[in-house]
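Here the structure is laid out as C-alpha cells; the discussion comes afterwards.
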Amino acid sequence: MPSSGAPATSPIAPEQALALLQWQIEMGADEAIGWTPVDHLAPPQREPTQPPAAAAGRPPPAAAVAPPRALVESAAEPAQSARTLAARAETIEALAAAIAGFDACPLKRTATNTVFMDGNAAAPLMIVGEAPGADEDRIGKPFVGRAGQLLDRMLAAIGLDRSGVQITNVIYWRPPGNRKPTAQEVAACLPFVFRHIVLSRPKVLVLAGGTAASTLLDTAEGITRLRGRWFDLAVPGLDAPLPTLPMFHPAFLLRSPERKREAWRDLLALKAKLAELS
C-alpha cells in the first residue's frame, strides 16, 4: 500500500472490472448519477459568488419580456387574418371554432385534424408546447403520445392532472414529417394563442420546449439556458404581466433522460409558484 495514502494507479483487469460492475448491479446500483466521475480526494473548489437574493435563499427576480415584435406585428396576410378572427372571439368555444375554420395556414391542408387544446379552460396553469405530432394529429388533442404520457406523470408528481391544467401548442396543425414550424406558420397561429391566454387568464404559463420559448420570449437563448428561469411576460390584451416558466419539452426528456433532474427542479418551482398565487 502506498505510504502517501493515495489510491493505487495500476490498471484493473477487465475480468475484475466486470465482476465489480456485476456486484454493483446486484447491490442495486443500476443507474449512473453523473456523466463524469467525482474525485473525492481532490481539494474543494471555491463556491461561486452569489447575488444577495440567491445567498439569502430567495429566487432571483423575474425578467420582464415581451413576445418578438416581428411575430406579433407580422404583415403577412395569414397573420393579419388571424388577428381579425381572434379579436372577434369572446369565448374559448368561439375561439376554437375560429381556429377550426381558419384556412390561411398552409399546414392545415396536410394535417388530419385541428389540435386546439385539452384540459380545463378555467385552470390556473396553461402549458404551451410546439406542434401536434402524429398521435395528436390522429386523435385531435395535444400531448397524447409518449411525450404526453410523460407530461401526465410529471404533472402527477406535483399533484396535478389534466383537470387542473390547460394544454395547447403554438401551432394547431402537424407540420409534415414533424419538422420545426416556420416563422410564417408561427405568426399565423400566434394571434389565436394570445387570444386563448387572454380569454382563459391563467395565473402561470409554462413554455414546453425551445419553439414555444422562442415564440413567446424575445430572446435568442436556447431552452437549456432558459429553463428554470421565471419571466414576466407581457401578453397583448392582458393588463398585467404573466409569470412564465420555460421548461424542457417531454419529448426532449424522452431522448435525454439524464436531464430529468433539472425538469424535477423546475416542477418543484412551478408547484411553489402555483401555491404562492393560489
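The values are calculated or read from the model by the stated rules, or taken from the named source; none is laboratory data. Predicted model, so just to flag it, every value in this text is computed and none were measured. Positions of Cβ are generated from backbone atoms using ideal geometry, with glycine treated the same way; all protein chains shown enter the neighbour counts.
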- [ ] For residue 213, indicate whether it is buried (at least 18 other Cβ atoms within 10 Å of the Cβ) and either under 16 Å from the mean Cα position of the chain (by Cα) or without any contact (Cβ under 8 Å) to a residue 24 or more places away in the chain (or both).
- [x] yes
Task: Any chance residue 193 is among the hydrophobic types (A, V, I, L, M, F, W, C), buried (at least 22 other Cβ atoms within 10 Å of the Cβ) and not in a loop (DSSP other than H, G, I, E, B) - done: yes
TODO: Considering only residues that are in a loop (DSSP other than H, G, I, E, B) and in contact (Cβ under 8 Å) with a residue 60 or more places away in the chain, look in the range 91-105 and name the one that is nearest to residue 173 (Cα to Cα).
DONE: 105
Open item on the list: Condition check: at pLDDT below 95, in a helix (DSSP H, G or I) and within 30 Å of residue 119 (Cβ to Cβ). Does residue 71 satisfy that?
Closed with: yes
TODO: Go through the range 56-107 and give me each residue that's touching a helix residue (DSSP H, G or I) at 6+ places or on another chain (Cβ under 8 Å) and basic (Lys, Arg).
DONE: 83, 88
TODO: Could you please find all residues in the range 134-183 being among the small types (Gly, Ala, Ser), at pLDDT 95 or above and assigned to a loop (DSSP other than H, G, I, E, B)?
DONE: 140, 159
Open item on the list: Could you tell me how many of the residues in the range 100-119 are within 19 Å of residue 187 (Cβ to Cβ) and within 23 Å of the chain's Cα centre (by Cα)?
Closed with: 4
- [ ] Of all residues in the range 136-182, count the ones that are touching a residue at least 60 places away in the same chain (Cβ under 8 Å), surrounded by 15 or more Cβ atoms within 10 Å (Cβ to Cβ) and among the small types (Gly, Ala, Ser).
- [x] 2
